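The structure appears below as structure tokens.
Any read-out appearing in this document is the output of simple, stated calculations on the displayed coordinates, not a laboratory observation. Note that the structure is a prediction, hence the values are computed from the model and not measured. All Cβ positions, even for glycine, are placed from backbone atoms using ideal geometry, and neighbour counts span all protein chains on display.
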């Protein structure tokens, strides 16, 4: 299996697990079925990869003025946007999404610290072995 595909699947699984745990911790987050959980994790990954950088660029002065705390608002907006597009995934409000986004980010970081494999080492320039 190619390294990029494995990394994508691990990240998708980590996000899915974090969203699932968040649905038990926060009463305002609800999934109707497993399919909505998996689709939500996939769409959240795409939103974080495509929409989030655009929002960060557009709100850069506000992010600078708030010392980066506005990024937490952007994360909450990503979760709210995904809940709007995925049938079977609901978030009760902004503050639920705000605190859930912090929880999901921390939990995903902890999980990925245990399961991520280091990238393969490249051989040194000119061949030979690393010391």
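Just a few scattered comments:
- Filter result for residue 82 (within 21 Å of residue 27 (Cβ to Cβ), in contact (Cβ under 8 Å) with a residue 24 or more places away in the chain, buried (at least 18 other Cβ atoms within 10 Å of the Cβ) and in contact with a strand residue (DSSP E or B) (Cβ under 8 Å, 6 or more places away or on another chain)): yes
- On the stretch given as the stretch 20-52, residues that are farther than 26 Å from residue 95 by Cβ and either surrounded by fewer than 12 Cβ atoms within 10 Å (Cβ to Cβ) or touching a strand residue (DSSP E or B) at 6+ places or on another chain (Cβ under 9 Å) (or both) total 1.
- Residue count for the stretch 85-98, restricted to those that are out of contact with any strand residue (DSSP E or B) (no Cβ under 6 Å at 6 or more places or on another chain) and buried (at least 16 other Cβ atoms within 10 Å of the Cβ): 3.
- Criterion applied to 72, 10, 55, 17 was being touching a helix residue (DSSP H, G or I) at 6+ places or on another chain (Cβ under 8 Å), more than 22 Å from residue 88 (Cβ to Cβ), in contact (Cβ under 8 Å) with a residue 40 or more places away in the chain and surrounded by 15 or more Cβ atoms within 10 Å (Cβ to Cβ), and the one residue passing it is 10.
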